[in-house]
Each structure stands twice: as C-alpha cells, then as structure tokens.
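J.: Got a structure here, written out as structure tokens. Questions coming.
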Amino acid sequence: MKGQVRKLQKGFTLIELMIVVAVIGVLSAIAIPQYQKYVAKSQAASALATIAALKTNVETSIADNSAFPTVAATATGDATLGMPSTDLGTVALAATGTDTSGTITYALTSASALINSTNIVLTRSASGDWVCSATVADTSLVPKSCR
C-alpha cells in the first residue's frame, strides 16, 4: 500500500461539460424570444410616447387655425409642429373628415421584427377626443391604451 499513489481529479469531465452546454442551450432558447418580445414592447411604448407628445402642439395648432394640421413625414423647420426625428420610423400628421379631426401616425420601419412594418395611430375626433390604435398583429406588444 505504501507504493500506491492516489491521483486527484483536476478539472471537469467531458460529460459534466456537455451537461453545462445543454443547460445553457435550453436557457438561451427560452430567454432570447422573451428578450425580443421585451424589445418590441419597449419600442412600441416609445413610439406611442413620441406621438402622444405631439397632441399638445396639434391642439394648439387647431385652436390657432381652426383646422387639423397636415404635416408630411419629410417636413422641416416650423412646419413640423415639433415632430421629433426618430430612429424607429417616420411620423406624419394628416387631416381626416372634418376640419378638426385627423391622425398622428408613427410608421415603424426600423423596429424589431415583431412590430416592424406596422403603424401606431392617434386619431382625433371632431369633438377633441383622442383614440389610439395599432396595426400590430400581436396586441400584447402595444401599450394597453392602444389595444
């Protein structure tokens, strides 16, 4: 017994490493879609916040001119009514129906794949009420006020 030397194990065995890789794979398969959904939700909320901020400027313009302002997505200078430049798409204002009704539309063209090529729209009625709507297929991705 004196001549036997006991070898100590150093490091991990191959099977232990394979199990760790499998666990990481399962976790990432669950986490990545959830993260993509989180990004899409935050982009939709950002788009709504961007166009909601324009409501005050639109109301002021209606009070001054008795008509809903029409602003193209390519407008510049004072004609923009304070429309911000956006990274996710374009914003446009359009009169509809009566003089004081119209829409503020955020066309998402550079957003997450889950909400890309969709619109978030604030619609003003002639009575001054604002209603939010969205063309997103999965309504869980848009803020509750737009469903």
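J.: Being in contact with a Cys (Cβ under 7 Å, 6 or more places away or on another chain), hydroxyl-bearing (Ser, Thr, Tyr) and under 17 Å from residue 45 (Cα atoms) narrows it down to one residue among 133, 112; which is it?
T.: None of the other options fit; the residue is 133.
J.: Given the options 70, 98, name the one that is more than 22 Å from residue 119 (Cα to Cα), hydroxyl-bearing (Ser, Thr, Tyr) and surrounded by fewer than 17 Cβ atoms within 10 Å (Cβ to Cβ).
T.: Details: 70 fails: more than 22 Å from residue 119 (Cα to Cα).
98 is the lone residue from the list that is more than 22 Å from residue 119 (Cα to Cα), hydroxyl-bearing (Ser, Thr, Tyr) and surrounded by fewer than 17 Cβ atoms within 10 Å (Cβ to Cβ).
J.: What is the one condition in (1) in contact with a Pro (Cβ under 8 Å, 6 or more places away or on another chain); (2) farther than 22 Å from residue 141 by Cβ; (3) without any contact (Cβ under 8 Å) to a residue 40 or more places away in the chain that residue 82 does not satisfy?
T.: Tallying (1) in contact with a Pro (Cβ under 8 Å, 6 or more places away or on another chain); (2) farther than 22 Å from residue 141 by Cβ; (3) without any contact (Cβ under 8 Å) to a residue 40 or more places away in the chain, residue 82 fails exactly one: (1).
J.: Working only within the range 30-58, note down all residues that are free of Cβ contacts under 8 Å to residues at least 60 places away in the same chain, over 8 Å from the mean Cα position of the chain (by Cα) and in a helix (DSSP H, G or I).
T.: Those that are free of Cβ contacts under 8 Å to residues at least 60 places away in the same chain, over 8 Å from the mean Cα position of the chain (by Cα) and in a helix (DSSP H, G or I): 30, 31, 32, 33, 34, 35, 38, 49, 50, 56, 57.
J.: Please go through the range 62-84 and give me each residue that is under 19 Å from residue 106 (Cα atoms) and at pLDDT 75 or above, ordered by number.
T.: The answer is 68, 69, 70, 71, 81, 82, 83, 84.
The values are calculated or read from the model by the stated rules, or taken from the named source; none is laboratory data. As the structure is a prediction and not an experimental result, all values here were calculated from the model. Cβ sites come from the backbone with ideal geometry, for glycine too, and all protein chains shown count toward neighbours.
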